[in-house]
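Worksheet: one structure, shown below.
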Amino acid sequence: MIEINNELQADVLIVDGAFDETFIQWSSEYFTKRYNWKYGNRSGAVNDESIFWISIDSEMGMKIEDDPLVTYIQLVAQREFQYHLNEVDDIYLNGHTYELDGTLHSDVPTTKSIGKNLWTLLYMPNYLNTDLIGNFEFMREEIDYKPGRLVMFPSIHTHRGLAPKNKSDLRITLAWKCMNITWKKQDNA
């Protein structure tokens, strides 16, 4: 189901229910346990004080862009949101832990986005403690973190991941940053 949240006064698109519970649980375990996590990523500028976890490759050395599971999630997003992916600037896993909120930031400087249709896509795989996992803040409004949720928005809009409230949780989002896309034409049948 595609939901356009008009209360946010922005172009945020949300799809829930694109993945079944078994897939969501499996993908959460897969990204948590089979990817190499490194501490030291920043949301914004180099002097950004908010530092959190990032992963771009699996324990077997496979780059995230070559991972069949990541490709599958992207294809499901293309089907659900009705777009074609032309190219993507970056793909990575974000990991937030207790008290490590991200910083409000835009994924692309204004000058880079002029004349381009750049979007960011997020997949939310966590399925445990989701009431404590930390929401997604989009243009100063919170969007609930829900297992299997896909969130898509123009890359130029400010956003951040919020930290989990439980000290033992790792809040994960799979992100495709600055996707150049073409919207598919809708049939008016």
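Only residues that are part of a loop (DSSP other than H, G, I, E, B) and farther than 17 Å from A163 by Cβ: list them for the stretch 115-139, please.
G115, K116, N117, Y127, M139
Can you spot a residue in the stretch 14-25 that is at pLDDT 95 or above and aromatic (F, W, Y)?
Within the stretch 14-25, one or more residues are at pLDDT 95 or above and aromatic (F, W, Y).
Yes or no: L75 surrounded by fewer than 12 Cβ atoms within 10 Å (Cβ to Cβ) and of a type outside the set (D, E, K, R)?
Taking the combined requirement at face value, the residue satisfies it.
Which residues, taken from the stretch 53-76, are polar (S, T, N, Q) and either assigned to a loop (DSSP other than H, G, I, E, B) or closer than 12 Å to N94 by Cβ (or both)? Even if it seems obvious, please write down each step before you answer.
Just the residues of the stretch 53-76 that are polar (S, T, N, Q), to begin with: 55, 58, 71, 74.
Scanning the stretch 53-76 gives a single hit, S55.
Sort through K165, K116, K177 and tell me the only one that's farther than 23 Å from E49 by Cβ and in contact (Cβ under 8 Å) with a residue 24 or more places away in the chain.
Matching residue, one of K165, K116, K177: K116.
Determine, yes or no, whether L93 is buried (at least 20 other Cβ atoms within 10 Å of the Cβ) and either of a type in the set (A, V, I, L, M, F, W, C) or not in a strand (DSSP E or B) (or both).
yes
Test G148 against the stated conditions and say whether it is over 16 Å from V15 (Cα atoms) and not hydroxyl-bearing (S, T, Y).
Spelling it out, it is not the case that G148 is over 16 Å from V15 (Cα atoms) and not hydroxyl-bearing (S, T, Y).
Within the stretch 113-166, restricting attention to residues that are over 14 Å from T97 (Cα atoms) and among the small types (G, A, S), which residue is surrounded by the fewest Cβ atoms within 10 Å (Cβ to Cβ)?
G115
Condition first: surrounded by 17 or more Cβ atoms within 10 Å (Cβ to Cβ), at pLDDT 95 or above and in a loop (DSSP other than H, G, I, E, B). Can you find one or more residues in the stretch 38-52 that meet it? Quick ask: steps written out before the conclusion?
Initial filter on the stretch 38-52 (surrounded by 17 or more Cβ atoms within 10 Å (Cβ to Cβ)): 41, 43, 50, 52.
Then keep just the ones that are at pLDDT 95 or above; that gives none.
The answer is no, given that none of the residues of the stretch 38-52 is surrounded by 17 or more Cβ atoms within 10 Å (Cβ to Cβ), at pLDDT 95 or above and in a loop (DSSP other than H, G, I, E, B).
The values are calculated or read from the model by the stated rules, or taken from the named source; none is laboratory data. From a predicted model like this one, the values you see are computed outputs, not experimental measurements. So basically every Cβ, Gly included, is an ideal-geometry build from the backbone, and we count neighbours across all protein chains shown.
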